[in-house]
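Chemist: My questions all concern the structure below.
The values are calculated or read from the model by the stated rules, or taken from the named source; none is laboratory data. Everything numeric in this text was worked out from a predicted model, so none of it was measured. Quick reminder, even Gly has a Cβ in these numbers, built from the backbone with ideal geometry, and neighbours come from all protein chains shown. When the accessible area is computed, the model is the full protein with side chains, heavy atoms only, and any ligands, DNA or RNA have been set aside. Shrake-Rupley method; radii C 1.70, N 1.55, O 1.52, S 1.80 Å.
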Amino acid sequence: MTQKPFRISDDQYKNIYENAVEGILHSSFQGIILASNPTMSRMLGYNSKDEFIKFINEESGSFFAEQTSYDEFLMLLKSYDTVSNFECKFLCKDRNIIWVSIHARVLTDNDNKIIESFIQDITVRKMVEEALQTAYEEMEKRVEERTFELKNANKAKGDFLANMSHEIRTPMNGIIGMVGLLLDTNLTQEQIDCAKTIKNSADSLLDIINDILDFSKIDAGKFKLENIEFDIRKIVEDVADLLALKAHQKNIEFATVVHHEVPSFVKGDPGRLRQILLNLSGNSVKFTDKGDVAIRVNLEAETEKNITIKFMVIDTGIGIPEHNQEVLFKSFSQVDNTSTRKYGGTGLGLAISKQLTELMNGNIGLTSKSGKGSTFWFTAVFEKSAITQTILPALPINISGKRMIIIEDNISNREAFCTYLSSWGCQVSLASNGKELLDLLYNASTKGEPFHAVILDQMISDMTPEMIGHAIKSNPYLKDIVLILITSLGLRGDAARFKDIGFAAYLTKPVKRSQLYECMLMVFGENYTKSEEKEYKEVFVTKHSIEEAKKSKIRILLAEDNPVNQKLALRLLAKLGYKADVVGNGKEAIKVLTDKYYDIVLMDMQMPEMDGYEASKVIRDTNSSVCNHNIIIIAMTAHAMKGDREKCIESGMDDYVSKPIQPEKLSQTLEKQLSRINVK
Ligand code: ADP
């Protein structure tokens with residue numbers, strides 16, 4: 001059976017009209033209300049629809065609260081014949097305002113156009129919306145104000161820290177300087193102890209202040225990194241040098257291993273790299289009482305222009321519980337922050353390291369277990385340098401193919417020695433104890449392929465190095481093997497004792513790559529003329545003699561007109577272990593530099609005939625006759641004025657010392673400049 005179509009009767013329509021929840025209104029375009037349902041009149045507070053219609057049509061004229069919205073409403077209807085969701089305000093009988101939403105359309109009734117509107121009271125929704133909007137605006141305002149306050153406070157904090165640190169630093173420098181001078185005078189032992197304690201305390205205080213200064217500078221965004229060429233290996237070895245003494249005092253090993261893929265030269269900020277490494281390795285030494293600390297450096301990634309290097313500082317110390325690891329890189333945080341804690345510190349080191357690595361576009365992190373040691377690592381991105389290799393001086397002898405045997409417990413040191421020796425073409429073997437070493441030496445000798453050298457660590461499990469030394473030197477088949485002792489202890493008188501046993505070299509850890517290289521050069525000085533060889537062989541190789549030998553090979557020219565100053569400078573240089581030739585003016589300097597190869601010229605700026613500026617220009621001029629246009633030129637001038645340095649650098653000079661020359665400053669400048677070149 002099919003359903004009969006449903007038809008709504010007129011009564012039903014009326015019912016809907018009368019009882020609808022929406023207000024329904026019919027009106028003319030002139031604003032006359034033609035009809036309204038009861039909901040509509042109730043909505044506006046009238047007792048009946050008749051009252052409503054009468055009041056509007058005869059008295060008020062409109063129930064729109066704002067004429068502009070009424071005009072807009074009409075305009076929309078005229079244009080589109082229908083309007084949806086038109087939101088506006090209506091005026092109630094009691095002059096209160098309500099919010100409504102209107103759906104309306106235009107109908108035609110007996111050729112007249114009328115408006116049919118369905119009206120919903122949305123006052124509650126609007127109130128909620130308005131309250132939300134006000135709250136939101138209020139919140140935005142508060143956030144803005146707070147951000148402004150915080151920014152100001154942060155800047156004020158940064159400025160305050162920077163100013164305060166600077167203010168404290170100035171008198172601290174005075175204290176440190178004066179104590180230094182005091183220590184140079186005649187003091188009793190007790191006075192020396194007191195003065196040294198003052199110096200040590202002042203030094204540590206200065207370290208803390210420097211930390212705070214750095215931190216506040218980075219925090220305030222005032223920190224700029226340098227971008228200069230430097231040697232990564234040198235920085236790592238410098239750090240090892242600085243910490244070696246402390247490590248040895250605690251009887252722990254300190255080793256460095258730089259992977260052979262890591263280029264030596266890069267462009268970046270060497271001072272800041274050193275600072276991060278010092279922070280991390282300083283912590284490792286501080287928090288390790290047994291075992292060893294190692295710095296390992298690997299190549300992480302490479303692009304056409306940049307190179308990312310990963311540095312790891314590994315220790316076997318107290319470790320850090322996992323729940324404490326997260327906060328470590330925040331400022332002023334320490335695992336143990338009780339006042340009775342065993343280890344001192346500000347808790348700033350890691351925060352600064354993190355900021356610095358971020359400035360170097362790198363990351364920092366750690367893996368650690370309580371009681372099991374820690375590995376702190378960081379990465380840094382450097383620009384590639386045009387210099388790709390560390391140029392070690394060509395050996396006067398060829399050590400390639402020499403058979404070496406290493407006996408060393410510490411894995412990192414062993415790896416470092418193996419890497420260095422192999423890269424110079426040596427054949428490297430390992431022995432794990434004294435007995436095995438002697439067996440290997442005998443076997444090789446009987447096979448007719450004797451080892452040429454033994455690199456021996458002082459700490460061997462089964463025999464003392466003296467026993468091994470005697471065993472080798474008293475055996476006619478082994479006695480020619482060169483013995484090199486590596487020691488962590490460096491006790492007074494030890495070197496002489498080992499020399500007597502027949503050791504050729506005695507090196508204290510950490511042994512730098514360049515030192516091992518110089519050592520090889522000295523112990524295998526085979527192709528020197530007989531008399532030189534004798535002289536060489538008689539030299540017992542130590543770090544000291546390596547330095548001496550290196551310095552004595554450096555060719556320095558002193559250009560200075562004043563005889564007293566000449567004498568003074570020569571004496572100073574001699575005291576530092578250097579020899580130099582002297583000329584009296586720029587013209588003579590050019591002549592000598594044309595005839596002979598020099599590594600450095602110390603150039604007085606004011607000289608008769610040709611002054612230092614002009615002489616430097618001639619030297620740098622590739623058309624001039626001097627044989628080394630790249631010679632290091634260090635200016636010496638009496639004007640310690642601001643801008644002098646720039647003037648010297650502009651004239652092609654590399655560095656600058658002011659007169660009167662201070663021995664320490666001269667020594668530092670020479671070392672800094674010499675580290676850039678390798679003397680052949
Ligand atoms: P501090 O000046 O106190 O050493 P740092 O920021 O350098 O400041 O280190 C913060 C804390 O991290 C240290 O106080 C220590 O608790 C912990 N820490 C850092 N390095 C090590 C480490 N190698 N072994 C154990 N704990 C470490």
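Chemist: How much net charge surrounds residue 407 when only other residues with a Cβ under 10 Å from its Cβ are counted (Lys, Arg +1; Asp, Glu -1)?
Modeler: It works out to a net charge of -3.
Chemist: Shifting gears a bit: Quick check on my link table: of 246/672; 234/305; 286/672; 250/499; 543/665; 553/596, which ones sit more than 18 Å apart, alpha carbon to alpha carbon?
Modeler: 246/672; 234/305; 286/672; 250/499; 543/665
Chemist: Per-residue HN-Hα couplings for the stretch 226-237, Karplus 6.51 cos²θ - 1.76 cosθ + 1.60 at θ = phi - 60°, whole Hz, x for Gly and Pro?
Modeler: Result, ordered by residue: 7, 9, 10, 6, 8, 9, 4, 4, 5, 4, 4, 5 Hz.
Chemist: Provide, for the stretch 128-219, the number of lysine pairs with alpha carbons under 23 Å apart, each pair being eight or more places apart or on different chains.
Modeler: Qualifying lysine pairs in the stretch 128-219: 5.
Chemist: Karplus couplings for the stretch 433-445 from phi (6.51 cos²θ - 1.76 cosθ + 1.60, θ = phi - 60°), rounded to Hz, Gly and Pro as x?
Modeler: 8, x, 5, 4, 4, 4, 4, 4, 5, 4, 4, 5, 5
Chemist: Which peptide among 266-276, 9-19 comes first, and what is the full order, when sorted by highest mean count of other Cβ atoms within 10 Å?
Modeler: With the highest mean Cβ count within 10 Å placed first, the list reads 266-276, 9-19.
Chemist: Accessible area per residue of the stretch 403-543 at 1.4 Å probe, in Å²?
Modeler: On a per-residue basis, 45 Å².
Chemist: Now for a different question. Counting Lys and Arg as +1 and Asp and Glu as -1, what is the net charge of the other residues whose Cβ lies under 11 Å from the Cβ of residue 270?
Modeler: 0
Chemist: For the stretch 553-674, what does the accessible surface come to per residue with a 1.4 Å probe? Please give it in Å².
Modeler: 52
Chemist: Quick check: convex hull of the Cα atoms in the chain, volume per residue, rounded to a whole Å³?
Modeler: In the chain, the Cα convex hull volume per residue is 380 Å³.
Chemist: Measure off, as a whole percent, the carbon and sulfur share of the 1.4 Å-probe accessible area of the chain, all protein chains present.
Modeler: Answer for the chain is 53 percent, counting heavy atoms of protein chains only.
Chemist: Tell me the Rg and the Dmax, in Å, that the Cα atoms of the stretch 587-670 produce.
Modeler: Values for the stretch 587-670 (Cα only, Rg and Dmax): 12.4, 36 Å.
Chemist: Kirkwood hydrodynamic radius of the stretch 11-121 from all distinct Cα pairs, in Å?
Modeler: For the stretch 11-121, the Kirkwood estimate is 14.1 Å.
Chemist: Where both residues lie in the chain, what percent of DSSP beta bridges are antiparallel, nearest 5?
Modeler: Expressed as a percentage, antiparallel bridges in the chain total about 60.
Chemist: List the extent of the Cα atoms of the stretch 403-543 along each of their three principal axes, largest first, rounded to whole Å.
Modeler: That gives 38, 34, 32 Å along the principal axes, largest extent first.
Chemist: What whole-number value in Å² describes the accessible area per residue of the stretch 11-121 for a 1.4 Å probe?
Modeler: 58
Chemist: May I have the extent of the alpha carbons of the stretch 128-219 along their three principal axes, as whole Å values ordered from largest to smallest?
Modeler: Result for the stretch 128-219: principal-axis Cα extents of 86, 17, 15 Å.
Chemist: Starting at the first residue of the stretch 268-281, write each ³J(HN,Hα) from the Karplus equation 6.51 cos²θ - 1.76 cosθ + 1.60 with θ = phi - 60°, in whole Hz, x for Gly and Pro.
Modeler: Coupling constants for the stretch 268-281: x, 10, x, x, 6, 5, 4, 4, 5, 4, 5, 4, 5, 6 Hz.
Chemist: Name the long-range amide H neighbours of residue 87: under 5 Å, sequence gap of 5 or more, or other chain; modelled H, no Pro or chain starts.
Modeler: Here the answer is 102, since their amide H atoms fall under 5 Å of that of residue 87.
Chemist: If packing is taken as the mean number of other Cβ atoms within 10 Å per residue, what is the order of 248-261, 596-609, highest first?
Modeler: The peptides rank, most packed first, as 596-609, 248-261.
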